[in-house]
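The values are calculated or read from the model by the stated rules, or taken from the named source; none is laboratory data. In this text, all values refer to a predicted model and were calculated from it rather than measured experimentally. Virtual Cβ from ideal backbone geometry, glycine too; neighbours counted across all protein chains shown. In case anyone asks, the SASA skips ligands and DNA or RNA and just uses the protein heavy atoms, side chains included. Shrake-Rupley method; radii C 1.70, N 1.55, O 1.52, S 1.80 Å.
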Amino acid sequence: MTVSAVLARDLGGAAAGQTRLRNFVDGAFIDEGKPFDVVNPVDGTVHARAYEADDAIVGRAVAAARQALDHWRAIPLNERRRFLNALASGIEKRFDDFVAAEVADTGKPVSVASHLDIPRGAANFRVFADAIAAASTEFYEMDTHDGGRALNYAVRRPHGVVAVISPWNLPLLLLTWKVAPALASGNTVVIKPSEETPSTATLLAEVAQEVGIPRGVLNLVHGFGPQSAGEILTRHPGVDAITFTGESRTGSAIMRAASDGIKAISFELGGKNPAVVFADAGFTKTVDGIAHAVFSNTGQVCLAPERVYVERPIFERFVEALKAKAEALKPGWPQSADTTLGPLISAEHRTKVLNYYKLAVAEGARVVTGGGVPRFGDARDNGFFVQPTIWTGLDESARCVKEEIFGPVCHIAPFDEEAQVVRAANDSVYGLAASIWTSDLSRAHRVARAIEVGITWVNCWFLRDLRTPFGGLKMSGIGREGGVHSLNFYSEPSNVCIKL
Ligand code: NAD
């Protein structure tokens, strides 16, 4: 039975448990690797079994990707673009299977997977099919020492084999965000999805097979990070570039692994993002916007604000309004139309978040709401839910204000002056994203420039034009992806100089 059939059955409520998520090497699914359980975070049941790739399997995947390179980079651009569009259509054709798979792995509401994760997963292929067609390169004309002229132009060369290592929070979306521009630029890929969320990556490999992507161009290996498929892949001498999204500390480990082969790296890492609310902001829209930003995807979004700074005149009112929003969230089954909050991804991650809930109290926080675990009286009590939580009263030096928690939680602090809040916002080892809420246009421009992050939103959050540069400063990442920025990472310009 295919992955999709079993997962579709899961969505209908039947028990499955025996779904097999296999490695995909050189155009074929292989029956090899050490099995490991994939858990549904809503009720803690095992819904699938994936197969951990060892050195030999990763080695074969990399070899297949190398073997496929010459053919893939040489095919006409329009044909490569046709393949990318076929991958997008293939995802759309099996939309329900993809939604079911993403929901089974993450427990997120069906409404979220079907409005965000899967449509964006497909859109990424179309966006980069277009971007590569529109991409240009540099051209310079110069004088030569003998009074003549020379022309210089750059050609884009793919790196070769790209290792794509992705996290569990937006599994298909973040994976295709890398796979699409890598393939568009003429690279071949070996994908290592998160061990928590291997299902949609496996479906993508099925689609690649269905739409006839040449063998070896897209390979998939399952497994864990350290001393497993992830590390084996990043250390493999046959890999030319590594694109990674995940925790900053994993980024450091991968950087060390990449240093041996001087591999190109692109890193999208963690954040501890500030939101700055000025008293002149439209109150209701701002509260709605911040609630959406803090609690969407159960706070498991790298861009989510975990530090909210509110100008003092509206501080108390804002805290009360956000509290009401948090308490109105409805945790529950992903298939229920009224569910607005899913579980955290795993028991381990829940322990981490609950430890922060405890630490905040020890650090002197006032718990405005939440801080615990909801009780349902049914199978969901075996899942990994936590209450949406708001704190006030912490010192700016508290660990809960400094460290990324990655849960449905924020600390709200009052501020009195623009300069003071900019200093607080920048007092972080991270520099990923910020949002500013104000009706003063000049202030919006001024503060946006002053806050040290890669992406600033004004009176909105997560509004993404996929052509814009995306990435973080400081420990939040290296490099930019998005539109031409992705193409610039996934290919290397090489200059051709012609003396006339
Ligand atoms: P993670 O770093 O634990 O794992 C990410 C991936 O790396 C997984 O596939 C994992 O198996 C692999 N991995 C782990 N150790 C490895 C190693 N030593 N070598 C090779 N691969 C290894 O991250 P996560 O918990 O899956 O995701 C959450 C984190 O991702 C958060 O910190 C979040 O902020 C970050 N994130 C960042 C962005 C962004 O765009 N900046 C987007 C989403 C998530």
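At a glance:
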| quantity | calculated |
| --- | --- |
| Criterion (under 22 Å from Leu466 (Cα atoms), in a helix (DSSP H, G or I) and touching a Ser or Thr at 6+ places or on another chain (Cβ under 6 Å)) met by exactly one of Phe98, Phe128 | Phe98 |
| Qualifying positions in the range 113-123 - open to solvent by 70 Å² or more (accessible area, probe 1.4 Å) and either in contact (Cβ under 8 Å) with a residue 40 or more places away in the chain or closer than 25 Å to Leu77 by Cβ (or both) | none |
| Pairs, first among the aliphatic types (A, V, I, L, M) in the range 278-300, second surrounded by fewer than 20 Cβ atoms within 10 Å (Cβ to Cβ) and outside any loop (DSSP other than H, G, I, E, B), C-beta under 7 Å, six or more apart | Ala279/Pro313; Ala279/Ile314; Val287/Ala321; Val287/Lys325; Ala291/Lys325 |
| Residue tally, condition within 14 Å of Thr351 (Cα to Cα), outside any helix (DSSP H, G or I) and open to solvent by 50 Å² or more (accessible area, probe 1.4 Å), over the range 377-412 | 1 |
| Selection status of Val103, in contact with a helix residue (DSSP H, G or I) (Cβ under 8 Å, 6 or more places away or on another chain), part of a strand (DSSP E or B) and either open to solvent by less than 30 Å² (accessible area, probe 1.4 Å) or of a type in the set (Ser, Thr, Tyr) (or both) | no |
| Number of the condition not met by Ser259 [criteria: (1) more than 12 Å from the ligand (Cβ to nearest atom); (2) among the small types (Gly, Ala, Ser); (3) out of contact with any Lys or Arg (no Cβ under 8 Å at 6 or more places or on another chain); (4) in contact (Cβ under 8 Å) with a residue 12 or more places away in the chain] | (4) |
| Residue selected from the range 299-317 under the condition away from the ligand (no atom under 16 Å from the Cβ) and not acidic (Asp, Glu), by the criterion farthest from Ala425 (Cα to Cα) | Arg317 |
| From Arg149, Arg82, Arg126, residue being within 16 Å of Ala182 (Cβ to Cβ), open to solvent by 40 Å² or more (accessible area, probe 1.4 Å) and over 17 Å from the mean Cα position of the chain (by Cα) | Arg126 |
| Boolean, Ser296 is within 16 Å of the ligand (Cβ to nearest atom) and closer than 28 Å to Thr197 by Cα | yes |
| Among the candidates Val447, Val496, Val421, residue that is closer than 24 Å to Val294 by Cα, away from the ligand (no atom under 12 Å from the Cβ), in contact (Cβ under 8 Å) with a residue 40 or more places away in the chain and out of contact with any helix residue (DSSP H, G or I) (no Cβ under 7 Å at 6 or more places or on another chain) | Val421 |
| Search result, residues across the range 241-253 that are more than 10 Å from Ile165 (Cα to Cα) and either near the ligand (Cβ under 8 Å from one of its atoms) or crowded, with 23+ Cβ neighbours inside 10 Å (or both) | Ala241, Glu247, Ser248, Arg249, Thr250, Gly251, Ala253 |
| Check on Ala326, of a type in the set (Gly, Ala, Ser), open to solvent by 60 Å² or more (accessible area, probe 1.4 Å) and either farther than 17 Å from Asp43 by Cα or out of contact with any Cys (no Cβ under 8 Å at 6 or more places or on another chain) (or both) | no |
| Residue count for the range 334-358, restricted to those that are closer than 16 Å to Pro408 by Cβ, aliphatic (A, V, I, L, M) and in a helix (DSSP H, G or I) | 2 |
| Set Asn187, Asn152, Asn169: member being polar (S, T, N, Q), assigned by TED's automatic domain parsing to the domain that holds Glu231 and under 23 Å from Thr298 (Cβ atoms) | Asn169 |
| Options Ala65, Ala48, Ala133: the member that is open to solvent by less than 80 Å² (accessible area, probe 1.4 Å), under 23 Å from the mean Cα position of the chain (by Cα) and at pLDDT 95 or above | Ala48 |
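Per-residue answers, yes or no, for (1) within 16 Å of the ligand (Cβ to nearest atom); (2) among the small types (Gly, Ala, Ser); (3) touching a Pro at 6+ places or on another chain (Cβ under 8 Å); (4) open to solvent by 20 Å² or more (accessible area, probe 1.4 Å):
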{"site": "Thr188", "(1), (2), (3), (4)": "no, no, no, no"}
{"site": "Ser194", "(1), (2), (3), (4)": "yes, yes, yes, no"}
{"site": "Ala201", "(1), (2), (3), (4)": "yes, yes, yes, no"}
{"site": "Gln209", "(1), (2), (3), (4)": "no, no, no, yes"}
{"site": "Val217", "(1), (2), (3), (4)": "no, no, no, no"}
{"site": "Gly225", "(1), (2), (3), (4)": "yes, yes, no, yes"}
{"site": "Arg235", "(1), (2), (3), (4)": "yes, no, no, yes"}
